[in-house]
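Colleague: Just dropping this structure here.
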Amino acid sequence: MTTDNEFKNINKNSNYNLEHSSEHEYVAAFENMFERKLFPNDFDTWPIQKQSIWINKNVAKFFPNTPKSLLDFIPAFFRNGDNGRAQEKKPEWLDMNKYRRGQKFVRDHYASILISKILGNILIYSFNNSLKAVIINGNRHTLYLAFKRYLSLVRLLFTWYDGEPWLKGTQAYDNMKFTRTAHSLMKAKVYELDNEQIDNASKIAELWCPDHEIFVKDFAATCPFEKSIQRPYILFEKLLPRLKDINNGDMAGIQCNFVALILLCPQSIGIHDATNEDLEAFCHMWRCYGYCLGMKDEYNFCRGSLEEIKQRTRDLHQYWILPNLKDVTPEWEHMTRCLVESLNYYPLLYVPYKAMVLYSMDVLNLSMPDLYKSLSYSEWITYKFWT
């Protein structure tokens, strides 16, 4: 276990921290990517903070095909995911009644929340850079490792759900601190690698992807047409030095992974009695967890009203995740297959991979005819039982 002093030293002394998500990098990125005529004539004479504020206010000019609800996450890609805030510092907006209602919602819908997490991972792994970081971390690329990892993750999460991670000396506090330390260690590991080494380290020697061609064919036919620079992070990956920090954009995506399907289609995952107040409380709880992990409040995915969070979630799936699926790699199938098939280590469970992927695409209203036709009889029965 990493000590408090080691954790502080990681954030204080390493050269991969906030300076690499600085205002200078953010402004320089926009100046390098876009034509000079898009900026004010005297832009170069402004202080860096004024330049950054102007870009934030005018970011829609640079990315006209990104919906308003997602524009805030463009600067988030340049901001370190952990701002070093003391974990025991509670947010000023914390509402303990909402927080406890969110905890009760989890207790009432334990199984559905686990299902939503599995389905969410299938979708969130479509972000290629995030998937590479998971592979490089090296603890989920076989069935047994995936089983151990996700069993450990579930246990950790439910200490958060049962506790208050800002209370020092509690299991929830210790596990939140462990998560922050793990994020910092992952950043340190990735930052030691250059771009070519990152690409090589994120390759899997023995790929398990027998259905990759089916996925490529179905996704190409069913995913909607993408407009110009609709996915800003793709432009960043192509034109900028790789952003190696776990940034606030990554962290917001992780939050979305936990709440998305519960917000958008609760009945599809077995939640039939949730009220808007329940869903709002669940989001409030996850807003608290983002804060405890060091996220800046303006990039917290679960900020705002319930309808704002729902719209943000719909837009992220429609404008970013669906186009991502057209670009899925063999590594995506391998890692999602390890995740799903590892569930069969649990006694009396039968969770076929293709049926689970088909179910996750049904939630997005995506037609997958070739995948459906490829189901075995047992997979088809399981899929029909779920739906």
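The values are calculated or read from the model by the stated rules, or taken from the named source; none is laboratory data. A quick note: this is a predicted structure, and the numbers were derived from the prediction, not measured. Positions of Cβ are generated from backbone atoms using ideal geometry, with glycine treated the same way; all protein chains shown enter the neighbour counts.
Colleague: Which residues, taken from the range 319-355, are basic (Lys, Arg) and farther than 21 Å from Lys384 by Cα?
Modeller: Result: Lys326, single match.
Colleague: Still on this structure, I have one more. Please list, ordered by first then second residue, the pairs with beta carbon atoms under 8 Å, 6 or more apart or interchain, first in the range 181-193 and of a type outside the set (Asp, Glu) and surrounded by 20 or more Cβ atoms within 10 Å (Cβ to Cβ), second modelled with pLDDT under 80 and part of a helix (DSSP H, G or I).
Modeller: Close Cβ pairs satisfying both conditions: Ser184/Phe7; Ser184/Ile10; Ser184/Asn11.
Colleague: Consider Gln230 against the criteria (1) farther than 20 Å from Ala76 by Cβ; (2) in contact with a Ser or Thr (Cβ under 7 Å, 6 or more places away or on another chain); (3) crowded, with 18+ Cβ neighbours inside 10 Å: it satisfies all of them except one. Which criterion is unmet?
Modeller: Checking Gln230 against (1) farther than 20 Å from Ala76 by Cβ; (2) in contact with a Ser or Thr (Cβ under 7 Å, 6 or more places away or on another chain); (3) crowded, with 18+ Cβ neighbours inside 10 Å, the one that fails is (1).
Colleague: Just to check your reading of the model, which residue among Lys177, Lys132 is farther than 25 Å from Arg337 by Cβ, surrounded by 18 or more Cβ atoms within 10 Å (Cβ to Cβ) and charged (D, E, K, R)?
Modeller: Answer to the selection: Lys177.
Colleague: Those residues that are among the small types (Gly, Ala, Ser), within 29 Å of Lys238 (Cβ to Cβ) and in contact (Cβ under 8 Å) with a residue 60 or more places away in the chain, I need them from the range 110-148; list them, please.
Modeller: Within the range 110-148, Gly120, Ser126, Ser130, Ala133 meet the criteria.
Colleague: What number goes with the only condition from (1) surrounded by 13 or more Cβ atoms within 10 Å (Cβ to Cβ); (2) more than 16 Å from the chain's Cα centre (by Cα) that Arg107 does not pass?
Modeller: All conditions are met except number (1).
Colleague: Still on this model: Residues of the range 356-385 being among the charged types (D, E, K, R) and within 17 Å of Asp211 (Cα to Cα), which ones?
Modeller: Asp370, Lys373, Glu379
Colleague: Could you pull out every one of the helices (runs of 4 or more DSSP H) wholly within the range 30-107 that has 3 or more residues that are modelled with pLDDT of 95 or more?
Modeller: Details: elements: 48-57, 59-62, 73-76.
Hits in the range 30-107: 48-57, 59-62.
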